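The values are calculated or read from the model by the stated rules, or taken from the named source; none is laboratory data. A quick note: this is a predicted structure, and the numbers were derived from the prediction, not measured. Cβ placement follows ideal geometry from the backbone for every residue including glycine, while neighbour counts extend to all protein chains displayed.
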Amino acid sequence: MFDLLAPFYDPAMRLLGASYSEAAALLQLHPGDLVVDVGGGTGLGARAAVAAVGCHVLIVDFNAAMLRHGRCDGCIGCVRGNAVQLPLPDASADGVMILDALHHFPQPERALAEVARVLKPSGRLAVLELEARHPATKVLALAERLAGEPGVMWTAQQLAAMLRQAGLSPLSIRGRGFGVMVTAARPNVM
């Protein structure tokens, strides 16, 4: 699906009013920090994080076409990879973003556990997802299932429970239109 969408993804997201600057701000980043944008595709979230604080971002995405349409240079690196096997050592990332992507992962719980592994103690995660109870989300979930995607959506409370199960501590839950932004931190001791 994303092989076909890749050339149109950024313009479509801009048309829909997608903005990832809030996610970058919630990570409480500092210049030089390392952020991992899991399922980051063309790098919209990565560019927001770099613009916010001048950090370094590694985009990890399974789809090569999405990465080809991204702008990976300077402070943004790109690697084709799987969310359940991030190419980073334990406790190496200051922040992680999963923006409009978790519902595409075949094993979201394992991906969140992998995020917990790579986050430094007190490192933060920002997850932006569609709220399962919203009617537009239900239509999109059906369309994604018909296109061969997992098409599973969660409520804010379900997302928070998944984060806790992965060993992360939810910090905030914010409604965003028909989406939800959940932030979590890796506890100092795991």
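Quick notes on this structure:
- Strands (runs of 3 or more DSSP E) completely within the range 1-108 that count 2 or more residues being modelled with pLDDT of 85 or more and surrounded by fewer than 18 Cβ atoms within 10 Å (Cβ to Cβ): 76-80
- Residues of the range 117-130 that turn out to be surrounded by fewer than 21 Cβ atoms within 10 Å (Cβ to Cβ) and small (Gly, Ala, Ser), as a count: 1
- Unmet requirement for Arg110, which otherwise passes all of (1) more than 19 Å from Gly151 (Cβ to Cβ); (2) without any contact (Cβ under 8 Å) to a residue 40 or more places away in the chain: (1)
- Ala116 falls short on exactly one of the conditions (1) at pLDDT 90 or above; (2) more than 14 Å from the chain's Cα centre (by Cα); (3) among the small types (Gly, Ala, Ser), and that condition is (2).
- Hits in the range 153-183 - residues which are without any contact (Cβ under 8 Å) to a residue 12 or more places away in the chain and within 18 Å of Ala91 (Cα to Cα): Arg164
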